[in-house]
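The values are calculated or read from the model by the stated rules, or taken from the named source; none is laboratory data. Nothing here was measured: the structure is a model prediction, and the numbers come from that model. Please note: Cβ atoms are built from the backbone with ideal geometry, for glycine as well, and neighbour counts cover all protein chains shown.
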Amino acid sequence: MRVCDEGEVMVESSNALDLLEREIESEFVDETRDVLAGLEVMLGNFESKLVDGVKALGTLRKSFRSLEARSQSLDKATMNIVTHRASEYLSDSHELTREHVVDVQAFIDVLRKLLEQGDGAGFEHSGELVRQLPSRRIVDFDVQEAARKMNVEMLLVIPDRATSHYVERELAACGYRVSNAGHFFRGLELAVRTQPDFIISAAVLDEASGIDLIRALSGITATAHTPVALLTSYAAGHPSLAELPANAAVIRKGGAFGEDLANALARFKIT
């Protein structure tokens, strides 16, 4: 085969890939539009009492989780963050209520804007966007209102659900917005993209340890100065924590948790 022929084959191959990518993108846009439109119809049916709250909540959870997975597979980073937050928002509820409807519609509106105008449309950074999204109501309404006013974003990287739920409730009771990544790489990704005000990582994660995560964050420009803490059974100074960066706080599990958390917040001047 002549060189010119090889070049023509490469161009044709590149054109075919571009066409395939455009087709996948078009399918994603069309499918997501349909999903969002369907959710809005369901919200209307719920308010008209044509759909009960349990069924409505199940549909919302399934739809947002599906969109989260699809947006991640197509590298739609901002949409993935929004759908992740939407899934989290509904995770502690047993049924959809009228109080949820406005917030769910807000998620739908943001997703539609990202879909129509581009994945990062109108936002300088994903961290700007997440602070505008509704936050979970895992405490009473008055405290949740305080959390919105404070606008302090907490990121947890805690795989154990019971532990993460406990820490979330404690932070929410102080008036903070809370999200949980759950895994090492997801925590690293969300920390860089959403720029939280404080990160708490469990010592034991999956692919790597909490100390590894904190060391990685300290070496990345975007998160080098983000306050971090390790949630562990060991007290500060324990040999197992020798590789923990000096700028990281230690929050002990158990009876010392509240005091250690308060000390960490005071140390980093998080009010």
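Scan the range 180-190 for residues that are surrounded by 23 or more Cβ atoms within 10 Å (Cβ to Cβ) and either outside any helix (DSSP H, G or I) or over 11 Å from the mean Cα position of the chain (by Cα) (or both) and the total you get is 2.
Candidates are the residues of the range 109-135 that are modelled with pLDDT of 75 or more and among the charged types (D, E, K, R); the one that is surrounded by the fewest Cβ atoms within 10 Å (Cβ to Cβ) is 116. Would you check which residues across the range 29-60 are over 18 Å from residue 117 (Cβ atoms), buried (at least 18 other Cβ atoms within 10 Å of the Cβ) and in contact (Cβ under 8 Å) with a residue 60 or more places away in the chain and list them? Those that are over 18 Å from residue 117 (Cβ atoms), buried (at least 18 other Cβ atoms within 10 Å of the Cβ) and in contact (Cβ under 8 Å) with a residue 60 or more places away in the chain: 39, 43.
Which one is modelled with the lowest pLDDT, of the residues in the range 154-188 that are over 20 Å from residue 216 (Cα atoms) and of a type in the set (Val, Ile, Thr)? Selected residue: 178. Checked against (1) out of contact with any strand residue (DSSP E or B) (no Cβ under 9 Å at 6 or more places or on another chain); (2) under 20 Å from residue 153 (Cβ atoms); (3) of a type outside the set (Asp, Glu); (4) buried (at least 18 other Cβ atoms within 10 Å of the Cβ), residue 106 passes all but condition (4).
Considering only residues in the range 191-233 that are in a helix (DSSP H, G or I) and among the hydroxyl-bearing types (Ser, Thr, Tyr), the one that is farthest from residue 180 (Cα to Cα) turns out to be 218.
Filtered by the rule that a residue be loosely packed, with under 12 Cβ neighbours inside 10 Å and outside any helix (DSSP H, G or I), the range 234-263 gives 235, 237, 242, 243, 246.
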